[in-house]
Amino acid sequence: MSSGPFSFVPVPLTPELADHYRRMLRVHADDPVTGTCPVCRRSRCEDFHFARTQLVCAGERLDLDLS
């Protein structure tokens, strides 16, 4: 068992990979009319969730205009 506070150290992404994940967020964002991903036809599909998780864990910004 470990002791002490948990510290999170983001693992950086290359700029190209961060851009790729941001593109995935834009492509797989829920359509405001249908409420589902236009590609997968699911609300917050796995691709959207994966890309968002990778960006958050890397400490990348998520200030995207998804409209």
Close pairs (8 angstrom Cβ cut-off, 6 or more residues apart or separate chains): closer than 18 Å to R23 by Cα and modelled with pLDDT of 90 or more in the range 33-44, surrounded by 13 or more Cβ atoms within 10 Å (Cβ to Cβ) and of a type in the set (G, A, S) anywhere: C37/A29
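Could you tell me which residue of the range 9-32 is surrounded by the fewest Cβ atoms within 10 Å (Cβ to Cβ), considering only residues that are within 12 Å of the chain's Cα centre (by Cα) and touching a residue at least 40 places away in the same chain (Cβ under 8 Å)? Give the derivation first.
From the range 9-32, those within 12 Å of the chain's Cα centre (by Cα) are 17-29; that's our starting set.
So of that shortlist, the ones also touching a residue at least 40 places away in the same chain (Cβ under 8 Å) come out as 18, 22, 25-26.
Numbers: A18: 17, R22: 18, L25: 17, R26: 13.
So, considering only residues that are within 12 Å of the chain's Cα centre (by Cα) and touching a residue at least 40 places away in the same chain (Cβ under 8 Å), the one surrounded by the fewest Cβ atoms within 10 Å (Cβ to Cβ) is R26.
The values are calculated or read from the model by the stated rules, or taken from the named source; none is laboratory data. What you see is a predicted model; the values in this text were computed from it and never measured. When we count neighbours, we look across all protein chains shown, and the Cβ atoms used for this are built from the backbone with ideal geometry, even at glycine.
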